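Everything on this sheet refers to the single structure shown next.
The values are calculated or read from the model by the stated rules, or taken from the named source; none is laboratory data. Because the structure is predicted, anything quoted here is derived from the model rather than measured. Cβ sites come from the backbone with ideal geometry, for glycine too, and all protein chains shown count toward neighbours.
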Amino acid sequence: MEFNTYKGPYIKSPNKTNKIMLHLVVALLPIILFSFYKNGVVLYKHNLTDTYGMFYPLIFVFVGTFTSFITETIYTYLVLKKKNKDLINSIKNSYSFLPGLFVSLVLPLNTPLPILIIGAVVAIIVGKMLYGGFGQNIFNPALIGCLFVLTCYGSVINSNGGYINKYELDTIGSATPLTNYHMIDGIGNYDKVVKPYGDLKDFLFGMIPGTVGETCSILIIVAYIYLVLKKVIKWKIPLIYVSTVFVMTLIIGSMNGEGIWYPTFNILSGGLLFGAVFMATDPVTSPTTCLGQVIYAFCLGILTVLFRNYTSAPEGVLTSILTMNMFVVLLDRLGSKKKESIMQILIPMGIITCLLLGVSLLVGNKYINSDSSDSKFKIIEKKDNYYVVSQVGNGGPIKAKIYIKDNEITKIKIIENNETENYYKLVTNKNYIKTLIDNQNNLDKVDTVSGATISSTALKKMCINVKKDMEK
Amino acid sequence: MKRIINGIVNENPVLVLLLGLCSALAITNNFENSYIMGICVTIVLICSNLIVSLISKYVTKNVEIPVYILIISTLVTVLEILLKEYVNPLYKVLGIYLPLIVVNCIVLGRALSVASKENVKNSVLDGLGVGLGYTVVLMVLGLIREVLGNETITIMKEISNITHHEIILKINFHSDLFPINIFNKPAGAFITLACLLALFNYIRGGNKNESN
Amino acid sequence: MIGIRLKANKKDTKYKLKEFLNPKYVYFKIDEKDKLLVKENDKVKMGDKIIERNYFINSSVSGKVTKIVELLDSKNNVCKFLEIENDFKENHSFKKPIVKTKEDFIELLKEKGIIGLSGNGFPSYIKYDNEIKTLIVNAVECEPYITADNVVCFKYINKIVKALEQIKEIFSIEEIIIAIKIGNRNLLEKIIPAINSYDFISVVQVPNLYPMGWEKSLVRYIKHTDYEKLPTEKNIVVSNASTIYSISEALEGKPLIERVITISGESFKKKINVKIKIGTLFEELKDIYKGYKNDDVTLISGGPMMGYSLSKESFVLDPSVNAVLALKKAKEDIATTCIRCGKCSDHCPAKICPVLVKDNINDKEELKRLDVSRCIECGICSFICPARINLREYLKEAKGKVK
């Protein structure tokens, strides 16, 4: 009797690539459904929108996913010139819906649909196909698409409402927790940072403004545990990433006398948990070796804290993941070396620990020393009846001439500003300056203009600082 | 005539020889800057090729690079002085990229590889062709970047001092999607140049056996 | 411990043993540098030397040397074999040897042709030619389906222990450890009374992971040390239980002429361990396994992870075969793109990164830096890859390039 021969182990483990992707999608479903509830059903119940608006979050996610799938199919057909069976095989094995799905989960909900489509197209073509297709890309494709959209159309999205849905606009305020925190001088305290949005429990359960994917922290933690139990995720990366951020913000907070709420707030706000569990562990763009993953996660944590506190963007997760994606090849080389002595592990870990402590101390120091005065405010000229001042806004310093009489501000004339047209239009349209002058004695209570938060806050702070100076 | 076409298509300095990229990326913020820069580089190229081809017989091999650079820097300095005197706003806009023409690889490269070996007529025509090629590419880059990033086409703004006319065309796309801010920034320059490079080489056929 | 859990599938054959000691013909492989000690039509007795390498190969039956034929060996390659026709008389001239010193022992191993019976066929005289402080008897058998070593330990533990005592005297070994897999309660109950009176022999139960039976894993787990290339660097010798049993037979005068193999797998009609003469053709065992249950069968010599698939039933069972399996042919899996999940690097017992080897398969410098010569070809990387890439083939190719 003749038998067929073939090589290799004659038993195979049950896990395959398509099962891994299935588990990933199953883990994402509760998060999408929660966002449907928070941004659709709740609005419908309060009669703030119609049926289309109720289903809008689901439509949003569907459009993003479908666009990336169609783009990759068209690209494979036209550019790579694959037909029939080849084409079907390519599509089955390439999971093109995933970058689009993540793009729609990371972009703000009020992104206009054409811009979302552009984001998904860029994510697939620039982030994935140009590098050679599935398995060959260096950067996380969803983050490339998001970065493109946020850089090009940031002002358009913000003027459309940004991260906030109509219900939140009424009850909560006008900025996401991280943007709000970013504009506070110094380190802030619980009342200013967390209280406007509820308490920390609300952060855990997700009733705060944010993108589709990132708000409900508890569902993300459940998804992480599910993926670890099914053994389809690189579990070391989210654990070490989030712990690093926690430890660093704990050091920063305790240097400034803040309690445990400060590191908890830093973890639960923004896209940190979502980015750590779903974006940083993208199998193609993260290291394969154990030591490589550990160093990757540590550096991600350090970079996130650095970016959040030292740059003008309130979110640090997107750029830190893209930065560390560049170093994956190096980290793999480091991790694949034969460990001849314990020193080969201790030296990189020692450097990382020093960096961690160094950055935390640096950031903590910055906050200790910046308590009293506002570093973004400068007095250029001071005369008896006017001040010429400048305050850093969204695109640079805003120069203004403020006329005073009898210790009261009478007129504000903006000399120079570098704000983006669309933002600035919102401020001038709503006669914000007149509101500031009218309420100059309780400036703290004046609301900022939604959609142009940073510019309007700059103007408000300018008046507050001038008043402070007048009182001296 | 063939030489001029050669300089624009087959040996286009930016898209084929990949020389002079830093000025191509930095100066193409708007249309006007780019064609002014192109004209400046063309003038310098023609003059330097002329002079180099005249004296190349008398220059020995080991001093040719310093000698040519000396010639080019003299020409650029003269151009700088002329611009500063008569078109001051333009001089300010071009900024550091005007003295950088001295080390622009196109000028020195063409001087070493063509002007020192050919006769005067060929060198001048080659300089004209390469300069035109550079100008055309810069104009296309500047046009794309300005239209997509700013919704305008500036034809005469800074040089309006001498021409006494200001022509700025406005294009309104009537859509939320435009202007795309990234094209005003350096990242947009890289993206546009990359797409243009890919397209140009695809159209040319990307012949693998073609020698440089 | 690095390793994976495999489904054992050993229930069908555990502790059962049959014998098949009368094959019609036996075959012995002739390598290039071998010296034949017999010619055609010679009459041989059981145990006579017939081929000389650095050690001797003995005839496993008494009969007549007929001819040299070409047959399939256990790795599915066509090789030259010396055929001996059995006369079923079992004539032999075994004599109990006098073994007092280490040199006598090494000479005995060479004369009786003792090689490692765990599947690699490494000549034992090289292994024992060292100073030994610790001897580990490897009865772990981590691959699924195989139960040959277990049944040998189960039935012949007394002989094994007597041989161990003698070996200890010759080498002045300090301790002897018998390693078995956790969960073999019957075997443990048989071993403990047998070693009761000897204070230098102990039993250690190792976890149920593949490849726990690898020398390095055992030394790491039991002795908590590590070595670079061979365990003799730390004066440790790891020897298979069946080998020790054949050494015990050699100490009575009987050379390596028979061994126990496992016949198992879903597609055989009957599954059992069977004691055979070395050199039997597998076809002759048809009465033992009684045929196949279905048509689409993969016939494997060795275990399912490290074995070789065969194209015909008529292949020769040389001493390195410890099992013959018939598995249902699995659906052909086409390799898809690597998703860089890192599972291969996580589970490799030799701490190599197969994914990096696959990426740099053409770069010799990089392969040297990745130290591919550590690979033991256990097959875990190919087993666990979700994209079904056969990483072991890449590693074999890389090892060939670096040599």
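Could you please let me know if A:Leu250 is free of Cβ contacts under 8 Å to residues at least 40 places away in the same chain, more than 17 Å from the chain's Cα centre (by Cα) and either within 12 Å of chain C (Cβ to nearest Cβ) or over 30 Å from A:Ser94 (Cβ atoms) (or both)? Yes: the conditions hold for A:Leu250.
Tell me which residues, restricted to the stretch C:115-128, are touching a Pro at 6+ places or on another chain (Cβ under 8 Å) and under 22 Å from C:Met46 (Cβ atoms).
Answer for the stretch C:115-128, where residues must be touching a Pro at 6+ places or on another chain (Cβ under 8 Å) and under 22 Å from C:Met46 (Cβ atoms): C:Ile115, C:Leu117, C:Gly121.
Select from the stretch C:170-205 the residues that are closer than 24 Å to C:Phe122 by Cα and part of a strand (DSSP E or B) and list them in ascending order. Residues satisfying the conditions are C:Glu175, C:Ile176, C:Ile177, C:Ile178, C:Ala179, C:Ile180, C:Lys181. With respect to (1) more than 10 Å from chain A (Cβ to nearest Cβ); (2) assigned to a loop (DSSP other than H, G, I, E, B), the lone exception for C:Asp333 is condition (1). Restricting attention to the stretch A:137-158, the residues that are of a type in the set (S, T, N, Q) and either without any contact (Cβ under 8 Å) to a residue 60 or more places away in the chain or assigned to a helix (DSSP H, G or I) (or both) add up to 3.
Among the residues of the stretch C:319-329, some residue qualifies, meaning at least one is part of a strand (DSSP E or B) and surrounded by fewer than 18 Cβ atoms within 10 Å (Cβ to Cβ). Criterion applied to B:Thr28, B:Thr60, B:Thr77, B:Thr42 was being surrounded by 22 or more Cβ atoms within 10 Å (Cβ to Cβ) and among the β-branched types (Val, Ile, Thr), and the one residue passing it is B:Thr28.
Going through (1) without any contact (Cβ under 8 Å) to a residue 40 or more places away in the chain; (2) over 19 Å from A:Gly145 (Cα atoms); (3) within 14 Å of chain C (Cβ to nearest Cβ); (4) surrounded by 15 or more Cβ atoms within 10 Å (Cβ to Cβ) one by one, A:Asn93 falls short only on (1). Kindly indicate whether C:Ser118 is among the small types (Gly, Ala, Ser), modelled with pLDDT under 90, surrounded by 21 or more Cβ atoms within 10 Å (Cβ to Cβ) and farther than 23 Å from C:Lys162 by Cα. The answer is no for C:Ser118. Within the stretch C:110-125, residues that are free of Cβ contacts under 8 Å to residues at least 24 places away in the same chain reach partners that are buried (at least 18 other Cβ atoms within 10 Å of the Cβ) and in a loop (DSSP other than H, G, I, E, B) with beta carbons closer than 8 Å, at six or more positions or on different chains, in the pairs C:Phe122/C:Gly116. Filtering C:Ser202, C:Ser248 for residues that are out of contact with any Lys or Arg (no Cβ under 9 Å at 6 or more places or on another chain), among the hydroxyl-bearing types (Ser, Thr, Tyr) and more than 29 Å from C:Gly379 (Cβ to Cβ) leaves a single hit, C:Ser202. Against the list (1) over 25 Å from C:Glu283 (Cβ atoms); (2) touching a Leu at 6+ places or on another chain (Cβ under 9 Å), the condition C:Val78 fails is (1). Take the conditions (1) within 20 Å of the chain's Cα centre (by Cα); (2) at pLDDT 80 or above; A:Gly173 misses just one of them, which is (2). Do you know which of the residues in the stretch C:386-402 that are more than 10 Å from chain A (Cβ to nearest Cβ), under 25 Å from the mean Cα position of the chain (by Cα) and not aliphatic (A, V, I, L, M) is nearest to C:Gly3 (Cα to Cα)? Step by step, filter the stretch C:386-402, then rank; the result is C:Tyr394.
Each residue in the stretch C:276-301 was checked for being at the interface with chain A (Cβ under 9 Å from one of its Cβ atoms) and aliphatic (A, V, I, L, M), and 3 of them qualify.
For the stretch A:240-272, name all the residues that are within 18 Å of A:Gly198 (Cα to Cα), hydrophobic (A, V, I, L, M, F, W, C) and part of a helix (DSSP H, G or I). Explain how you work it out, then say what you get.
Filtering the stretch A:240-272 down to residues within 18 Å of A:Gly198 (Cα to Cα) leaves A:259-270.
Within this subset, residues satisfying the condition of being hydrophobic (A, V, I, L, M, F, W, C) are A:260-261, A:265, A:267-268.
Within the stretch A:240-272, A:Trp261, A:Phe265, A:Ile267, A:Leu268 meet the criteria.
Would you confirm whether or not the stretch C:74-89 contains a residue that is touching a helix residue (DSSP H, G or I) at 6+ places or on another chain (Cβ under 7 Å), within 30 Å of C:Ile300 (Cα to Cα) and at pLDDT below 90? No, there is no match, as no residue in the stretch C:74-89 is touching a helix residue (DSSP H, G or I) at 6+ places or on another chain (Cβ under 7 Å), within 30 Å of C:Ile300 (Cα to Cα) and at pLDDT below 90. For the stretch C:177-192, does any single residue satisfy the condition of being surrounded by fewer than 16 Cβ atoms within 10 Å (Cβ to Cβ) and touching a residue at least 60 places away in the same chain (Cβ under 8 Å)? Yes, the conditions are met somewhere in the stretch C:177-192. Kindly check whether there is at least one residue in the stretch C:302-324 that is over 27 Å from C:Leu21 (Cα atoms) and more than 9 Å from chain A (Cβ to nearest Cβ). Checked the stretch C:302-324: no residue is over 27 Å from C:Leu21 (Cα atoms) and more than 9 Å from chain A (Cβ to nearest Cβ).
The set of residues from the stretch A:296-350 being more than 14 Å from chain C (Cβ to nearest Cβ), surrounded by fewer than 21 Cβ atoms within 10 Å (Cβ to Cβ), of a type outside the set (S, T, N, Q) and not in a helix (DSSP H, G or I) comprises A:Ala313, A:Pro314, A:Met326, A:Phe327. Being of a type in the set (Ser, Thr, Tyr), at the interface with chain A (Cβ under 7 Å from one of its Cβ atoms) and surrounded by 23 or more Cβ atoms within 10 Å (Cβ to Cβ) is a property that holds for C:Ser345. Scanning the stretch C:363-385 turns up one or more residues that are touching a strand residue (DSSP E or B) at 6+ places or on another chain (Cβ under 9 Å), surrounded by fewer than 23 Cβ atoms within 10 Å (Cβ to Cβ) and facing chain A (nearest Cβ under 10 Å).
Residues checked against (1) of a type in the set (A, V, I, L, M, F, W, C); (2) assigned to a loop (DSSP other than H, G, I, E, B):
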| residue | (1), (2) |
| --- | --- |
| A:Met207 | yes, yes |
| A:Gly210 | no, yes |
| A:Gly213 | no, yes |
| A:Ile220 | yes, no |
| A:Tyr224 | no, no |
| A:Val228 | yes, no |
| A:Lys234 | no, yes |
| A:Pro238 | no, no |
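Only helices (runs of 4 or more DSSP H) whose full extent lies in the stretch B:93-197 are considered here, and the ones with at least 3 residues that are hydrophobic (A, V, I, L, M, F, W, C) and farther than 19 Å from B:Leu75 by Cα are B:120-150.
With respect to (1) facing another protein chain (nearest Cβ under 7 Å); (2) assigned to a strand (DSSP E or B), the lone exception for C:Ile339 is condition (2).
Say we look at the stretch A:96-113 and pick out the residues that are within 14 Å of chain B (Cβ to nearest Cβ) and not hydroxyl-bearing (Ser, Thr, Tyr); which of these is surrounded by the most Cβ atoms within 10 Å (Cβ to Cβ)? Per the stated criteria, the residue is A:Asn110.
Got a sec? Which of C:Ser217, C:Ser264 is within 17 Å of the chain's Cα centre (by Cα) and within 19 Å of C:Val203 (Cβ to Cβ)?
Among C:Ser217, C:Ser264, only C:Ser217 is within 17 Å of the chain's Cα centre (by Cα) and within 19 Å of C:Val203 (Cβ to Cβ).
Taken together, C:Glu90, C:Glu70 contain a single residue that is of a type in the set (D, E, K, R), touching a strand residue (DSSP E or B) at 6+ places or on another chain (Cβ under 9 Å), surrounded by fewer than 20 Cβ atoms within 10 Å (Cβ to Cβ) and at positive phi, which is C:Glu90.
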